[in-house]
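Nothing in this text is a laboratory measurement; each read-out follows from the coordinates by a stated rule. All values reported here derive from a predicted model rather than from experimental measurement. Positions of Cβ are generated from backbone atoms using ideal geometry, with glycine treated the same way; all protein chains shown enter the neighbour counts.
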Amino acid sequence: MSEPQVPDSQSAEPNLPETKPGAEPGSRTNLDPHVERYAARTAGMTASEIRALFAVASRPEVVSLAGGMPNLAALPLESLSQQMSELIAQDGLTALQYGSAHGVPALREQICEVMAMEGITGHPDDVVVTVGSQMALDMVTRLFCDPGDVVIAEGPSYVGALGSFAAYQAEVVHVAMDDDGLVPENLRTALAECERAGKRVKFLYTIPNFHNPAGVTLAAERRAEILEICRQYDVLVIEDNPYGLLAFDGQTYPALRSMDPDNVVYLGSFSKTFASGLRVGWVLAPHAVREKLVLASESATLCPPTLNQLVVSKYLATHDWKGQIKTFRENYRERRDAMIGALEQYMPEGCSWTHPEGGFYVWLTVPEGVDAKAMLARAVTARVAYASGTGFYTDGLGSRQMRLSYCYPTPERIREGVRRLAGVLESEMDLMRTFGSVTTRAVSGPQTPGPDTA
Amino acid sequence: MAERTVAVLAGGLSHERDVSLRSGRRLSVALRDAGLTVQEWDTDASLIGRLREQRPDAAVVALHGGEGENGSVQTVLEMFGIPFVGTHSQGCRRAWDKPIAKALVSGAGFATPDWFVLPHSTFRELGAQSVLDAMVERLGLPLILKPDQGGSALGAQVVRDAAELPTAMVGCFAYGDTVLAERFIDGTEVAVTVVEGADGPEALPAVEIVPENGVYDYTSRYTAGLTDFFTPARLDADAEKAVGELAIGAHRTLGLRDISRTDAIVAADGTVHFLEVNSSPGLTETSTVPMALEAAGTSLGKVFDELIGRAAGRGTA
């Protein structure tokens, strides 16, 4: 190699005043010349030790119970391929062109038919198609939340929603659930406390069916009461319902939107019932909100991808999509059974878990004193991964919990993963017996896996 | 020079997979820019087949942690007679185990913070609190806990209060069965890259590390903007010379090859303390080796191109 040149000390700046993008000789750098320019809302956007551990989850040696990727293997790829080809041949100039921010009209009509399965009577004009319901979450928060406004959310809550709330600097107040979902009395107490503290609560964000991450469902008899409480405190309801059609017994629950159309903004998605990669979701909102959503959507993306909307529309028109959902449900039920069976067989005393009747997730509580977040490194060594509970709270709770997904691995892999996890837990409890119960250690950055983690 | 085919090994199954993939990608781009034909390989069940069938002219191990740094992958390369950049398997084993590296470097006459190494079983059998008390008595507070193996500061923690120790121990033991407890030295933290050339190992300008939150943890390491780096480090001439001598001393003592990075602290009294050495240092956008190379007037692509040439010239292992 050539002789490395030690920099000429004369050229070094004596006071090191500047922040430079690269490490120039004699220079100071923090590797990011823009660091002083970022908005305050980027505070939590840092590298994360926990997130880094999920990198191994993609390797086949690791049983990942961490991610939330739907099992798409059951999709009829051949006929979809043919359909895509026809779509481009017949409607290519429309499919590849800009569309309206409101969404393709035919798809909005079909979306109303989908929502009717859960008792919703919606008008296609009140539907706004979005890039997955994640975009809907972002827009709804943008519309309603100023920095410091309060969002009430279940504890735990969907991490993607918490991310949107953080991006708009809203404060999240969690309300605890039980096996029947959100507890009305807890909601009332939280709202009253916010009122006393002079906080401005903008909306309740709720996932009533087969909750992510908790796996529970809001009991039908609680629904009217939750809506009534929100009315009483003049709080809007954001109902996020990606899993509603995935009940293992095919049962559907009345959507909150169906019971209070004027005070509920409803978010739906084709990610779990068709294809997550198409990123097609929607919002059903009262007309005044809908008008603003369309304008917000224009400024965010101009319009949702026309091609993807037409793919979904054509799929709904030409395929047995209800039969496909039934297939998904059966797949997921088999996997849920595998997970619950393995938990019963392997988990040590002191653990408890939810029993989902649909959706993707089991919420596991480990014995007192175990920090599920700290334990993740041990789990990865043992070739199993999970999402530790703290990522689903904004207030530091969740250290004794973890989300286990059964959506993607096969039943055999799920059983093996739970068996490994039980071993990890035993070792951690052994450590706990040595050192006593631990307090949880704060860590920075995202604590949950990215969307492409299996 | 004839165009060489190089296999960059990155990924693996260690806790540092993510960092390794970033190192591997950055290195691969730099080598392609330097005109080499590069294959990026993960170390999985397909590796042996690829080594047998494709027989690259050389391999570069950009793996961090576990199999990639403890000599295992190097042993496989040696078995297949594939020349590779970096330290051979025996040297890797010495550098990988932090207590062994500390003992050997200390034995060669360099200072290193006082330390104890204990497995979980000792705490379990003798009673955790009495062992922890003795540890604090000897090392003082603050002290640093690290897994005895592994990098990227994963599992490492600065403990300032004895009451935090049990939690910190549990966090550290999540990464491995043995903990290295080290006296905390307040001072200037530096990373010194050593590159071997025709004249033997040479220390590049030291990179001084000043994390915004005071601790160079995972977040500070891999979030651009959270740590200030000074290259060369703001050291007086004596200290600058001493950190270079330490890095070369560690490289030689542990029998490292081609490239290494030594992490050290320069205490207020000028003493240079050896912390650890990396036989497969990080090459990411926020790693200190590329900064040192740039400060030395060279680049990642140029230096690794030359190291690949040296490896290929060495022939097998």
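So here's what we get for this one:
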quantity: Over chain B: helical MRE at 222 nm, DSSP H runs n ≥ 4 each giving -39500 (n - 2.57), nearest 500; calculated: -11500 deg cm²/dmol
quantity: Gaussian network model of chain B, Cα within-10 Å springs - most flexible of B:Arg93, B:Arg55, B:Arg261; calculated: B:Arg55
quantity: Packing-based exposure ordering (other Cβ within 10 Å, fewest first) of A:Met139, A:Met259, A:Met402, B:Met79; calculated: B:Met79, A:Met259, A:Met139, A:Met402
quantity: Test item: Cα-centred dipole of chain B, Lys/Arg +1 and Asp/Glu -1 on Cβ, debye; calculated: 820 debye
quantity: Whole-Hz ³J(HN,Hα) from phi, Karplus 6.51 cos²θ - 1.76 cosθ + 1.60, for the stretch B:273-287, glycine and proline x; calculated: 9, 6, 9, 6, 10, 10, 7, 10, x, x, 10, 7, 4, 10, 7
quantity: Long-range amide H partners of B:Phe84 with built H, under 5 Å; calculated: B:Ala59, B:Ala317
quantity: Chain A, Rg to Rh (Cα coordinates; Rh as Kirkwood inverse mean 1/r); calculated: 1.01
quantity: Cα Rg, Dmax (largest Cα-Cα span) when computed across the stretch A:159-303, Å; calculated: 15.6, 45
quantity: Relative contact order (%) - criterion: Cα under 8 Å, at least six apart; region: chain B; calculated: 22 percent
quantity: Max mean-square fluctuation residue, GNM over chain B, Cα-Cα springs under 10 Å, options B:Val61, B:Val131, B:Val210; calculated: B:Val131
quantity: Cubic angstrom per residue, convex hull over Cα atoms of the stretch A:62-185; calculated: 209 Å³
quantity: Tail weight of P(r) past 26 Å, computed on alpha-carbon pairs of chain B, percent; calculated: 45 percent
quantity: With eigenvalues of the C-alpha gyration tensor scaled by 5 and rooted, the stretch B:115-183, Å; calculated: 16, 14, 10
quantity: For B:153-164, mean number of other protein chain Cβ atoms within 10 Å; calculated: 1
quantity: Over the stretch B:54-195, equivalent-ellipsoid semi-axes from the Cα gyration tensor in Å; calculated: 33, 17, 13
quantity: Per-selection Kirkwood Rh - the protein assembly as shown (Cα, Å, 1 d.p.); calculated: 28.4 Å
quantity: Spatially close lysines, pair count over chain B: Cα under 27 Å, gap of eight or more or interchain; calculated: 5
quantity: Cα-based reach from A:Lys326 at 30 Å (exclusive), listing lysines while leaving out same-chain residues under 8 positions away; calculated: A:Lys272, A:Lys314
quantity: Choice from B:Pro99, B:Pro83, B:Pro119 showing the highest fluctuation, given a GNM over chain B with Cα pairs closer than 10 Å; calculated: B:Pro119
